[in-house]
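Read the structure below first, then the notes.
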Amino acid sequence: MNKIYIFSGLGVDKRVFDSIDFSNLNIEFIDWIQPLKNESLKNYAQRISQKITDKNPIIIGLSFGGILAIEISQILKIEKIILIASAKNKFELPKFYRIAGKLKLNKLIPNFVFKQQNFITNWLFGIENKFESNLLKAILKETDPNFMNWAINEITNWKNENNSENIIHIHGNKDRIIPLKNVKANFVIENGGHFMTVNKPKEIEKILKNACR
């Protein structure tokens, strides 16, 4: 069985996978490392890929973790990439992100703004109840604002135009951060938003178990 490495998303961590039962799958969550000053996403991917020690692994990437998985697949030989609420290339991201990157609009936003949990973040992530709201609040509070600012800059300036091979893409039809209309998904989760690993875990769990056999 291929080793499975999991990258969580921007502003979230492995706690968003707590409701998914991976059973006997051989998984390992990869913790983020601090980016170097003015580091490119490609260079960051090169450094963090050193944590992947097994050959021909499967990589599961959630949101920004999926973007990173695509970059890693250009460095290492990957058996399969499973994207959750993510993008295969820059064209699957909202066009506004690319415009914001070119105009450097994200640089105008203070770091602390990215750590605020409120009705706007709840709406963007598709939060459905108090538990999810509290979970998002706790995760955002613990997220390094400098890392988040760096990652947002890399997302809005992502250059990848091509699709990597062997990709399985899981996406929610209610995702407000990366809308489904931009995405060619293999599996669409009904009423799934950007937080669907938390509030739609069983649907995702079933797909993951079949995909990782």
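Under the simplified labelling scheme, the Leu25-Asn56 pair shows an inter-label distance of 1.9 nm, with each label point 7 Å from Cα along Cα→Cβ. Give me the percent of the accessible area of the chain that comes from carbon and sulfur atoms, probe 1.4 Å, all protein chains in place. Reported share for carbon and sulfur atoms: 52 percent. Under 15 Å from a point 7 Å along the Cα-to-Cβ line of Leu76: which residues of the range 1-30 have their amide N that close? Residues 2-8, 26-30 qualify, since their backbone N sits under 15 Å from the label point. When shorter helices are ignored and each DSSP H run of at least 4 residues is given -39500 (n - 2.57), the per-residue value for the chain at 222 nm works out to -9500 deg cm²/dmol. Of the trypsin sites (Lys or Arg not before Pro) found in the range 1-70, those in coil by DSSP whose Cβ has at most 15 other Cβ atoms within 10 Å are Lys37, Lys55.
Charged neighbours of Asp31, selected by a Cβ distance under 15 Å, balance to 0 (K, R count +1; D, E count -1). Amide H contacts of Asn191 (H built 1.01 Å from N, in plane; Pro and chain starts excluded): Asn173, Lys174 sit under 5 Å, all sequence-distant by 5 or more or on other chains. Label-to-label distance, Lys42 versus Phe119, with points set 7 angstrom from Cα along the beta-carbon direction: 4.4 nm.
By the equivalent-ellipsoid construction on the alpha carbon gyration tensor, the range 96-203 comes out with semi-axes of 23, 22, 12 Å, ordered largest to smallest. When the range 141-213 is described by a simple charge dipole with +1 on each Lys and Arg Cβ and -1 on each Asp and Glu Cβ, the residue from Ile170, Ile189, Thr143 located farthest towards its positive end is Ile189.
Heavy-atom accessible surface of the range 1-96, averaged per residue, reaches 43 Å², computed with a 1.4 Å probe. The computed Kirkwood radius over Cα pairs in Å for the structure shown corresponds, within (i) 17.8; (ii) 17.2; (iii) 22.7, to (ii).
Packing around the peptides 129-137, 92-100, taken as the average count of other Cβ atoms within 10 Å per residue, puts them in this order, highest first: 92-100, 129-137.
The values are calculated or read from the model by the stated rules, or taken from the named source; none is laboratory data. Computed from a predicted model, the values in this text were never measured in an experiment. When we count neighbours, we look across all protein chains shown, and the Cβ atoms used for this are built from the backbone with ideal geometry, even at glycine. Only protein heavy atoms, including side chains, enter the accessible area calculation; ligands, DNA and RNA are left aside. Shrake-Rupley method; radii C 1.70, N 1.55, O 1.52, S 1.80 Å.
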